[in-house]
Amino acid sequence: VQLQASGGGLVQPGDSLRLSCTVSERPSSSISMAWFRQAPGLEREFVGAIWRNSGNIYYSDSVKGRFTISRDNAKTTVYLQMDSLKSEDTALYYCAASPVILSEVRNARSYRYWGQGTLVTVSS
């Protein structure tokens, strides 16, 4: 499974941006798709995830209400819609995939497949 993340860029505080993660093959029903981010000097942080084919979506508290995860009907592209962006959202954003159990959906170490990362910079 190969993942390709795209859509990053430089935006101002309050702006919106949509990231995309394209999967090389349609994932099985056991695969969860997630977004993580990593700011300079900090550890990789969970942003949100779609758990398996359940349709259940989980977000970190820091982005809940501002970010929205969705995917296309073919389930080969996962989106991260980011609204009301703040300077603290500046980071390298990664998409990830793996057959994780629900209790591990927020744990970066549980994900087997990773995209290359796309940079989001929020600055005035």
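Remarks
- Breaking point among (1) closer than 30 Å to residue 123 by Cα; (2) among the hydroxyl-bearing types (Ser, Thr, Tyr); (3) outside any strand (DSSP E or B), for residue 93: (3)
- With respect to being open to solvent by 60 Å² or more (accessible area, probe 1.4 Å) and of a type in the set (A, V, I, L, M, F, W, C), residue 42 fits the description.
- Number of positions in region 18-38 that are open to solvent by 10 Å² or more (accessible area, probe 1.4 Å), more than 13 Å from residue 113 (Cβ to Cβ) and not in a loop (DSSP other than H, G, I, E, B): 4
- None of 41, 7 is farther than 21 Å from residue 112 by Cβ and at pLDDT 95 or above except 7.
- Taken over region 74-124, residues that are open to solvent by less than 20 Å² (accessible area, probe 1.4 Å), in contact with a Gly (Cβ under 9 Å, 6 or more places away or on another chain) and among the hydroxyl-bearing types (Ser, Thr, Tyr) amount to 2.
- Contacts under 6 angstrom Cβ, first residue in region 1-29 being among the acidic types (Asp, Glu), partner open to solvent by less than 70 Å² (accessible area, probe 1.4 Å), 6 or more apart: 15/85
- Residues located in region 89-104, provided they are modelled with pLDDT of 95 or more and either farther than 17 Å from residue 24 by Cβ or more than 12 Å from the chain's Cα centre (by Cα) (or both): 89, 90, 91, 92, 93
- Residue within region 51-63 that is under 16 Å from residue 1 (Cβ atoms) and modelled with pLDDT under 95 present: yes
- Check on residue 46, under 16 Å from residue 121 (Cα atoms), aromatic (Phe, Trp, Tyr), modelled with pLDDT of 95 or more and within 11 Å of the chain's Cα centre (by Cα): no
- All positions within region 64-85 that are outside any strand (DSSP E or B) and either modelled with pLDDT of 95 or more or of a type in the set (S, T, N, Q) (or both): 64, 65, 66, 73, 76, 83, 84, 85
The values are calculated or read from the model by the stated rules, or taken from the named source; none is laboratory data. This structure is a prediction, so every number in the text was calculated from the model and none was measured. Neighbour counts are summed over all protein chains in view; Cβ atoms, including those assigned to glycine, are modelled from backbone coordinates with ideal geometry. Accessible surface is based on the protein model in full, side chains and every heavy atom, while ligands, DNA and RNA are left aside. Shrake-Rupley method; radii C 1.70, N 1.55, O 1.52, S 1.80 Å.
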